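**Q** Encoded as structure tokens, here's the structure I'll be asking about.
No value in this document is a laboratory result; all are computed from the given coordinates. As the structure is a computational prediction, the values presented were derived from the model and not from experiment. Here the Cβ is made from the backbone with ideal geometry for all residues, glycine too, and neighbour counts use every protein chain on show.
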Amino acid sequence: MTEERRPVSQVVWDMATPKQRQYLVVEEDNLPANTPMPSQRKAQARNKWTSIVIWSELCQRWLDSKTECARGEELWLMQKAGEITNLCFQVKFVLCESPVVTITIDFSYIDKDGEMHYEDVKGWRLTKKTKKRVPRVERDFRVKMAWLQKDFGIFVNLV
């Protein structure tokens, strides 16, 4: 995905919730009345890893980061080309009923061979000693992935 930002149409602005609107990039011509320009706004709210929610025109949905948006658009194009089928976004699994424990995987799809694939997009960090790139995965997520693999036999590929 390129860093170039597209102006948001009035329709997209009207459909967005107030929380989503803080992430939209707009031009003066497309702004509703009394809305400050992005340069006048305070710092945008971000999650703990400083990623921002991105609207994908290709997929017609909000995705949680630039990396996830790029991967989602890539998979969407692969589906249009016929390389994969049954692309699903934000697949939720219930690991335990009481108390309710769930895990949400970013993408699932079936490849040409008929195999089901699950992918979750994670950021990367460098290790302190060896400076190797490793996925930025919290302990909580690691435990849930192991639980998912043990109970459902589902392996999640980290992208």
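**Q** Using θ = phi - 60° and the Karplus relation 6.51 cos²θ - 1.76 cosθ + 1.60, list the HN-Hα couplings for region 64-70 in order, rounded to whole Hz, with x at every Gly or Pro.
**A** 6, 7, 5, 5, 5, 5, 4
**Q** Moving on. Which ³J(HN,Hα) values, rounded to whole Hz and listed in residue order, are derived for region 72-85 from phi using the Karplus coefficients 6.51, -1.76 and 1.60 in 6.51 cos²θ - 1.76 cosθ + 1.60 with θ = phi - 60°, glycine and proline given as x?
**A** x, 5, 4, 5, 4, 5, 5, 5, 5, 7, x, 6, 9, 9
**Q** If you take the Cα Rg of region 46-158 and divide it by 2.2 N^0.38 Å, with N the number of residues, what do you get?
**A** Working: Rg = 15.3 Å, N = 113, 2.2 N^0.38 = 13.3 Å.
It is 1.15.
**Q** List the residues, sorted by chain then number, that are 5 or more residues from residue 122 or on another chain and whose placed amide H is less than 5 Å from its amide H.
**A** 159
**Q** Kindly rank 91-99, 119-127 from highest to lowest mean number of other beta carbons found within 10 Å of each residue.
**A** Output ranking for 91-99, 119-127: 119-127, 91-99.
**Q** Shifting gears a bit: Please give, to one decimal in nm, the separation of the simple spin-label points placed at residue 66 and residue 96, each 7 Å out from Cα toward the Cβ.
**A** For residue 66 paired with residue 96, the spin-label model returns 3.8 nm.
**Q** Return the long-range amide H neighbours of residue 84 (sequence gap of 5 or more, or a different chain), with a cut-off of under 5 Å between placed amide H atoms.
**A** Distant-sequence amide H within range of residue 84: 79.
**Q** Rounded if a/c is under 1.5, else prolate if a/b beats b/c, else oblate: with a ≥ b ≥ c from the C-alpha gyration tensor eigenvalues square-rooted, which is region 99-139?
**A** Verdict is oblate for region 99-139.
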